[in-house]
Amino acid sequence: MNADIFACIVGHLGLVAGIYDALGIGEVIDQALPKNRHHKLPHSIVVKAMIINTLAFCGQRLYMYVNFFKTVPVEHLLGNGVSAEDLTDDVLGRTLDAIHKYGATKLYNAIVNYIMQRHSLGTELIHVDTTNFSVHGKYEGDAPDSTDSIKITFGHAKDGRKDLKRFVLGLVANQFGIPLFAEAFDGNKSDKKSLLEMVQKTQKSINLDGQTIWIADSAMYTAENIKELGADTLWITHAPETINEIKTLQNADIEMTPGKDPRYAFYVTELTYGGIPQRGVVVWSEEMQKRQEETFDRMIQTKTEDAKKDLNKISSVPFACIPDAENRLNKWRSEHPLHRLKNEMIRAKSAKIEKKRGRPRKGEPLETRYFIEAEVEIDNDSVLRKCKKFGRFVLVS
């Protein structure tokens with residue numbers, strides 16, 4: 001075969017196969033999943049075939065493997081004596097069953113440890129995150145409580161498919177994007193729990209050389225998680241505004257220090273949350289401010305309509321006394337901090353005690369009820385104060 005034609009057929013798959021061999025992945029798999037004597041292909045070759053297929057023929061069913069490998073030089077990629085006909089769905093299923101029996105997470109950790117003992121991958125910055133995948137099918141009665149299998153169930157649909165059940169995949173990667181740990185979770189697993197679990201399991205399963213800083217999103221920032229991580233684990237995260245201390249810090253009148261990049265400015269302070277001393281950094285981003293200003297212009301119109309609707313509702317309610325009406329007005333103000341009332345008035349009106357038609361008779365006892373009258377307008381001072389806080393978020397370490 002012409003060398004150019006051969007290179008075109010192999011393409012990037014030769015590089016994938018070469019890296020697989022160079023890293024010794026097959027050696028770990030053969031040790032963990034020894035070949036049964038009546039099987040032609042060891043599990044390591046089948047896994048290698050799956051990886052090659054995934055990176056070149058993704059989205060196809062298991063029974064299509066044979067057709068794919070008829071189009072590439074199988075022996076060159078998988079070894080002498082291997083043919084496309086060897087890669088049947090029965091062979092693939094047997095290997096998947098063996099991996100499940102051994103434990104997918106356990107096998108993955110064994111591979112990572114083997115590679116890290118021979119290569120310096122870098123563990124100074126480690127990123128922890130999750131995503132979830134929707135699946136079709138009922139999955140009724142799967143994964144009973146007596147097993148350690150994950151549960152395919154409804155959860156937080158990051159892809160918007162709330163009608164489908166799902167499962168969660170957690171991944172830990174270093175600063176170069178090399179995955180160090182992976183684990184599947186139930187479809188409704190909370191990130192607040194899974195992120196902490198992945199940090200702890202990675203610490204136990206992998207030898208981390210030198211100082212390691214863990215990076216995760218705001219789901220990890222809970223008082224319970226921080227206590228569990230302790231003072232010896234270093235981390236950086238985006239703190240959620242739902243925490244009162246963070247919300248107060250983000251909205252405080254502070255003097256920001258410009259960064260070397262003029263698009264950013266910073267304010268550094270000390271915090272204590274979850275019983276662990278921390279450093280908080282309020283970050284201002286020019287790009288974020290522009291996005292928030294555009295969103296705010298659209299949002300304020302909706303907020304104004306909501307404020308008017310709420311005022312109309314309470315204006316039709318009779319109050320027994322003026323203090324009751326004033327308390328309801330104060331609640332309206334707290335619910336609509338960007339708006340204020342003008343021409344505000346609490347008007348007293350008399351009505352019959354007995355609910356009968358017609359005007360009240362002379363001397364008939366009456367009761368006094370109080371009604372709110374007002375108009376809504378945008379509070380420009382409040383809007384200006386809020387706009388000054390645009391572009392800010394808080395990083396905590």
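Identify which of 127, 12, 156 has the largest mean-square fluctuation in a Gaussian network model of the chain, with springs joining Cα atoms closer than 10 Å.
Largest GNM mean-square fluctuation: 12.
Could you identify which residue out of 282, 383, 199 has the top mean-square fluctuation in a GNM of the chain using Cα springs shorter than 10 Å?
Sorting by GNM fluctuation, first place goes to 383.
How far is helix 322-335 tilted off the main Cα axis of the chain, in degrees rounded to 10, range 0 to 90?
30 degrees
Say we join alpha carbon atoms closer than 10 Å with springs in a Gaussian network model of the chain; which of 66, 268, 168 then has the biggest fluctuation?
Checking each option, the largest mean-square fluctuation is seen for 66.
If you average the sequence gap of Cα pairs under 8 Å that are 6 or more apart and divide by the length of the chain, what percent do you get for the contact order?
11 percent
Give the residue from 338, 257, 237 lying farthest towards the positive end of the charge dipole for region 216-346; charges sit on Cβ (+1 for Lys and Arg, -1 for Asp and Glu) and the dipole is referred to the Cα centre.
338
Where nothing but the Cβ of Lys and Arg (+1) and of Asp and Glu (-1) is charged, how large is the charge dipole of the chain around its Cα centre, in debye to the nearest 20?
2080 debye
How far is helix 104-116 tilted, in degrees, relative to the longest principal axis of the Cα atoms in the chain, given as a value from 0 to 90 rounded to the nearest 10?
Orientation of helix 104-116: about 70 degrees from the principal axis.
Can you sort 304, 368, 237 from fewest to most other Cβ atoms within 10 Å of each residue's own Cβ?
Lowest to highest Cβ neighbour count: 368, 304, 237.
Which entry in (1) 22.3; (2) 24.9; (3) 27.4 matches Kirkwood radius over Cα pairs in Å derived from the coordinates of this structure?
Correct label, based on the coordinates given: (3).
Taking the chain as the reference, fit the longest principal axis to its C-alpha atoms, fit the long axis of helix 89-102 to the helix C-alpha atoms, and give the angle between the two in degrees, 0 to 90, nearest 10.
The two axes meet at around 70 degrees.
What is the order of 139, 273, fewest Cβ neighbours within 10 Å to most?
139, 273
Every read-out reported here was derived from the displayed coordinates using simple, explicitly stated rules and does not represent laboratory data. The shown structure was predicted, so the numbers you read here are calculated from the model rather than taken from an experiment. So basically every Cβ, Gly included, is an ideal-geometry build from the backbone, and we count neighbours across all protein chains shown.
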